[in-house]
Amino acid sequence: MAIDEAKLQEFVGKAIGDIGSALTAALVVIGDKLGLYKGLAQGPATSAELAARTHTAERYIREWLSAQAAAGYVSVDTTTQRFYLTDEQAMALADETSPAFVLGGFQAMTAAMKAEPKIAEGFRTGKGVGWHEHDPNLFIGTERFFRPGYQANLVNSWIPAFDGVERKLKAGGTVADVGCGLGASTILLGKAYPKSKVVGFDYHPQSIEQARERAKQAGVADHVTFEVASAKEYPGRNYDLVACFDCLHDMGDPVGAAKHVRSTVAEDGTWMVVEPFAHDELKDNLTPVGRVFYSASTMICTPASLAQEVGLALGAQAGEARLREVITQGGFTRVRRATETPFNMVLEARP
């Protein structure tokens with residue numbers, strides 16, 4: 001076997017980079033948990049100054065800052081040994097209202113790594129690992145990861161891209177947010193359309209409990225409610241809008257869920273299906289975004305589906321064609337891609 005040394009070194013370099021990325025992810029979570037990014041966003045600081053701001057130990061902070069600078073997550077003036085965040089770094093790491101905020105993704109993915117023994121066993125047996133079997137930080141991190149995108153797009157561009165939906169919701173419609181998790185999308189809809197009744201459904205009781213508390217904190221609990229229910233069994237009829245945000249591919253029986261949605265949506269109603277962006281062919285998904293989604297799908301989404309009835313296991317990169325098959329098998333006759341972002345495709349399904 002002839003080894004191309006240049007290609008070997010290139011590959012080893014890539015692997016070393018990924019090892020560094022994995023370690024950086026853990027350090028990012030620590031920075032998030034201890035408020036180190038928000039502390040640094042207050043202005044340039046030495047390790048001692050940042051430690052004082054955040055009530056942490058200087059020696060740990062010194063090493064953390066050096067690692068973060070090497071990774072490009074913070075910046076440093078090597079003359080003064082003062083570290084700082086650029087405006088762009090601060091937007092992504094210190095501002096939870098920013099559409100570029102990324103810390104939730106690190107929180108979710110490092111939580112998912114804790115399930116590695118269960119996932120490895122699933123490889124051997126074919127059995128699934130339910131969402132509820134993961135570390136609770138996965139639920140919180142996932143909500144923090146998706147919320148910035150929903151805040152930036154849901155009301156401003158996604159709802160307006162749907163035929164007649166915005167008008168109904170402004171006038172006072174009914175909405176079912178199926179697979180709502182901690183309720184980020186549900187509460188956003190409730191804030192934007194105070195005349196509408198919005199109900200969030202999720203099979204996970206702990207998530208529903210937190211969602212109810214968040215609705216109270218947001219001041220929308222009078223018209224935004226939450227119930228424990230699965231996608232195939234949630235109650236209600238004649239909804240103007242049923243929405244599934246980044247969850248259809250996680251379901252064991254998405255066709256069964258589609259059939260239930262069809263039975264609960266009004267004849268002139270709409271089903272909004274928001275899914276991770278993906279092309280239909282593998283070759284077109286071999287990108288940095290595809291890498292994240294395929295990896296998350298291996299650790300979270302596919303095992304979750306396999307843990308349920310049917311276990312269709314669409315995966316987070318199912319693609320539009322496969323999603324259309326599921327939706328039309330559920331009884332919907334009109335499906336179109338209403339809009340998209342680099343991370344999501346937004347499908348409109350009508351009876």
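The values are calculated or read from the model by the stated rules, or taken from the named source; none is laboratory data. Quantities reported herein were computed from a predicted structural model and do not represent experimental measurements. Don't worry about glycine lacking a Cβ; one is built from the backbone with ideal geometry, like all the others, and counts go over all protein chains shown.
Scanning region 33-46 for residues that are surrounded by fewer than 21 Cβ atoms within 10 Å (Cβ to Cβ) and touching a residue at least 40 places away in the same chain (Cβ under 8 Å) yields 38, 41, 43, 44. Residues in region 59-78: is at least one among the polar types (S, T, N, Q), modelled with pLDDT under 95, exposed (fewer than 15 other Cβ atoms within 10 Å of the Cβ) and more than 30 Å from residue 153 (Cβ to Cβ)? Yes, some residue in region 59-78 is among the polar types (S, T, N, Q), modelled with pLDDT under 95, exposed (fewer than 15 other Cβ atoms within 10 Å of the Cβ) and more than 30 Å from residue 153 (Cβ to Cβ).
Is it the case that some residue within region 118-130 is exposed (fewer than 15 other Cβ atoms within 10 Å of the Cβ), within 30 Å of residue 249 (Cβ to Cβ) and basic (Lys, Arg)? Can you show your working first?
Taking region 118-130 and keeping what is exposed (fewer than 15 other Cβ atoms within 10 Å of the Cβ), we get 120-121, 123-127.
Checking which are within 30 Å of residue 249 (Cβ to Cβ) leaves us with 120-121, 123-127.
With the extra rule that they be basic (Lys, Arg), the set shrinks to 124, 127.
Yes, region 118-130 contains at least one residue that is exposed (fewer than 15 other Cβ atoms within 10 Å of the Cβ), within 30 Å of residue 249 (Cβ to Cβ) and basic (Lys, Arg).
Under the condition of being hydrophobic (A, V, I, L, M, F, W, C) and within 15 Å of the chain's Cα centre (by Cα), which residue from region 147-177 is surrounded by the fewest Cβ atoms within 10 Å (Cβ to Cβ)?
152
If I go through region 245-279 residue by residue, how many of them are out of contact with any strand residue (DSSP E or B) (no Cβ under 7 Å at 6 or more places or on another chain) and within 20 Å of residue 351 (Cα to Cα)? Looking only at that region, the number is 12.
Against the condition at pLDDT 95 or above, farther than 12 Å from residue 247 by Cβ and of a type outside the set (Phe, Trp, Tyr), how does residue 199 come out, does it pass? When the stated conditions are applied, residue 199 passes them. Among the residues of region 263-311, those identified as more than 19 Å from residue 330 (Cβ to Cβ) and in contact with a helix residue (DSSP H, G or I) (Cβ under 6 Å, 6 or more places away or on another chain) are 276, 278, 279, 280, 299, 300, 301, 303, 304.
Counting only residues that are out of contact with any Leu (no Cβ under 7 Å at 6 or more places or on another chain) and over 24 Å from residue 303 (Cβ atoms), region 134-158 holds 6 of them. Looking across region 213-258, the residues that are crowded, with 16+ Cβ neighbours inside 10 Å and assigned to a helix (DSSP H, G or I) come down to 214, 215, 248, 249, 250, 254, 255, 256, 257, 258. Residues that are under 18 Å from the mean Cα position of the chain (by Cα) and under 17 Å from residue 289 (Cβ atoms) within region 307-338 comprise 315, 316, 317, 318, 319, listed in sequence order. Going by the conditions given, is residue 193 touching a Leu at 6+ places or on another chain (Cβ under 7 Å) and within 20 Å of residue 172 (Cα to Cα)? Yes.
For residue 143, the conditions (1) of a type in the set (Asp, Glu); (2) farther than 23 Å from residue 234 by Cα; (3) within 15 Å of the chain's Cα centre (by Cα) are fulfilled apart from (2).
One residue is enough: does region 228-244 have a residue meeting the conditions under 21 Å from residue 148 (Cβ atoms), in contact with a strand residue (DSSP E or B) (Cβ under 8 Å, 6 or more places away or on another chain) and among the aliphatic types (A, V, I, L, M)? Talk me through it step by step, then tell me what you get.
Step one: list which residues in region 228-244 are under 21 Å from residue 148 (Cβ atoms), which gives 243-244.
Checking which are in contact with a strand residue (DSSP E or B) (Cβ under 8 Å, 6 or more places away or on another chain) leaves us with 243-244.
From the residues that got through so far, the ones that are among the aliphatic types (A, V, I, L, M) too are 243.
Within region 228-244, one or more residues are under 21 Å from residue 148 (Cβ atoms), in contact with a strand residue (DSSP E or B) (Cβ under 8 Å, 6 or more places away or on another chain) and among the aliphatic types (A, V, I, L, M).
Residues in region 119-138: is at least one touching a Gly at 6+ places or on another chain (Cβ under 8 Å), more than 18 Å from residue 305 (Cβ to Cβ) and not charged (D, E, K, R)? Looking through region 119-138, none of the residues is touching a Gly at 6+ places or on another chain (Cβ under 8 Å), more than 18 Å from residue 305 (Cβ to Cβ) and not charged (D, E, K, R).
Can you confirm whether residue 108 is hydrophobic (A, V, I, L, M, F, W, C) and buried (at least 19 other Cβ atoms within 10 Å of the Cβ)? Break it down into steps so the answer makes sense when it comes.
Working: hydrophobic (A, V, I, L, M, F, W, C): yes; buried (at least 19 other Cβ atoms within 10 Å of the Cβ): yes.
The answer is yes for residue 108.
With respect to residue 205, is the statement that it is of a type outside the set (S, T, N, Q), in contact (Cβ under 8 Å) with a residue 24 or more places away in the chain, surrounded by fewer than 17 Cβ atoms within 10 Å (Cβ to Cβ) and out of contact with any Gly (no Cβ under 8 Å at 6 or more places or on another chain) true? Considered against the rule, which asks whether it is of a type outside the set (S, T, N, Q), in contact (Cβ under 8 Å) with a residue 24 or more places away in the chain, surrounded by fewer than 17 Cβ atoms within 10 Å (Cβ to Cβ) and out of contact with any Gly (no Cβ under 8 Å at 6 or more places or on another chain), residue 205 comes out as no. Residues that are loosely packed, with under 10 Cβ neighbours inside 10 Å and among the aromatic types (Phe, Trp, Tyr) within region 1-22 are absent altogether.
Before we move on, is residue 329 buried (at least 21 other Cβ atoms within 10 Å of the Cβ) and either polar (S, T, N, Q) or not assigned by TED's automatic domain parsing to the domain that holds residue 253 (or both)? The answer is no for residue 329. Residue 275 meets the conditions (1) within 18 Å of residue 325 (Cβ to Cβ); (2) among the acidic types (Asp, Glu); (3) surrounded by fewer than 22 Cβ atoms within 10 Å (Cβ to Cβ) in every case but one. The failed one is (3).
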